[in-house]
1. Please list, ordered by first then second residue, the pairs with beta carbon atoms under 6 Å, 6 or more apart or interchain, first in region 15-37 and hydroxyl-bearing (Ser, Thr, Tyr), second assigned to a strand (DSSP E or B).
2. Under 6 Å between Cβ atoms, which residue pairs at least 6 apart in sequence (or on different chains) link something in region 119-133 that is assigned to a loop (DSSP other than H, G, I, E, B) with a partner that is modelled with pLDDT of 95 or more?
3. Exactly one of (1) at pLDDT below 95; (2) hydrophobic (A, V, I, L, M, F, W, C); (3) closer than 19 Å to residue 130 by Cβ is unmet by residue 63. Its number?
4. Can you confirm whether region 94-108 contains a residue that is in a strand (DSSP E or B), over 30 Å from residue 7 (Cβ atoms), modelled with pLDDT of 95 or more and out of contact with any Gly (no Cβ under 7 Å at 6 or more places or on another chain)?
5. Give region 40-98 a look and list any residue that's touching a residue at least 12 places away in the same chain (Cβ under 8 Å), among the aromatic types (Phe, Trp, Tyr) and surrounded by fewer than 16 Cβ atoms within 10 Å (Cβ to Cβ), or say none.
6. When region 1-26 is examined, which residues are found to be within 30 Å of residue 107 (Cα to Cα) and in a loop (DSSP other than H, G, I, E, B)?
7. Answer with yes or no whether residue 115 is in contact (Cβ under 8 Å) with a residue 24 or more places away in the chain, surrounded by 20 or more Cβ atoms within 10 Å (Cβ to Cβ) and closer than 27 Å to residue 40 by Cβ.
8. Only one of these conditions is not met by residue 29: (1) more than 21 Å from residue 133 (Cβ to Cβ); (2) in a strand (DSSP E or B). Which number is it?
Amino acid sequence: MSSLPRGFADLAVGMEATTRRTFSMEDIAAFGKLAPDLAPVHFNPEFARELGYRDVLVFGWLAGAPFSGLLGMDLPGPHCVLHSVRINMAAPVYAGDTISYRAEVKHLSAATKTVVLDLVATREGNQEVVIRGQAQCGFPK
């Protein structure tokens with residue numbers, strides 16, 4: 001989907017937008033510094049394996065961050081603002097994983113000019129769902 005401005009009246013239930021992202025150790029380090037969060041499960045492979053993971057984990061907030069760009073630039077787009085978001089981490093995301101993101105319009109309220117979208121992120125390769133969630137965005141009056 002393109003990054004075209006979109007108004008509330010242009011939206012319909014069932015509309016979708018997608019994007020993808022591959023996470024690197026550089027991404028993890030930058031986010032760890034920004035957060036700041038230096039928990040060893042994100043930086044130390046041996047520590048992560050001791051906890052039962054196959055490698056270091058991508059921060060949950062980092063793994064969910066591409067939804068921000070998807071919502072803000074594509075659907076519903078730059079003419080709305082995020083009111084709330086809920087994401088559930090369904091499976092770990094590891095450095096090197098490529099994740100596909102999808103947002104789908106589930107509900108529209110003309111009275112409040114709000115849109116509810118379902119959010120799903122899957123690991124490319126095996127299509128394992130790694131994040132499920134929902135967002136509500138609104139169009140200023």
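The values are calculated or read from the model by the stated rules, or taken from the named source; none is laboratory data. This one's a predicted model, so the numbers in the text were calculated from it and none came from an experiment. Neighbour counts are summed over all protein chains in view; Cβ atoms, including those assigned to glycine, are modelled from backbone coordinates with ideal geometry.
1. From region 15-37, the pairs are 18/102; 19/101; 22/98.
2. Here the result reads 124/98; 124/100; 128/91, each pair linking region 119-133 to a residue that is modelled with pLDDT of 95 or more.
3. Unmet condition: (1).
4. At the first step, the residues of region 94-108 found to be in a strand (DSSP E or B) are 94, 98-108.
Restricting the remaining residues to those that are over 30 Å from residue 7 (Cβ atoms) gives 94, 98.
After this cut, where a residue has to be modelled with pLDDT of 95 or more as well, the list is 94, 98.
Of the ones still in play, those that are also out of contact with any Gly (no Cβ under 7 Å at 6 or more places or on another chain) are 94, 98.
Taking every residue of region 94-108 in turn, at least one turns out to be in a strand (DSSP E or B), over 30 Å from residue 7 (Cβ atoms), modelled with pLDDT of 95 or more and out of contact with any Gly (no Cβ under 7 Å at 6 or more places or on another chain).
5. 53, 61 - these are the residues of region 40-98 that are touching a residue at least 12 places away in the same chain (Cβ under 8 Å), among the aromatic types (Phe, Trp, Tyr) and surrounded by fewer than 16 Cβ atoms within 10 Å (Cβ to Cβ).
6. Passing the criteria: 1, 2, 3, 4, 5, 6, 7, 11, 12, 13, 14, 15.
7. On the way: in contact (Cβ under 8 Å) with a residue 24 or more places away in the chain: yes; surrounded by 20 or more Cβ atoms within 10 Å (Cβ to Cβ): yes; closer than 27 Å to residue 40 by Cβ: no.
So residue 115 does not fit the description; no.
8. With respect to (1) more than 21 Å from residue 133 (Cβ to Cβ); (2) in a strand (DSSP E or B), residue 29 is out only on (2).
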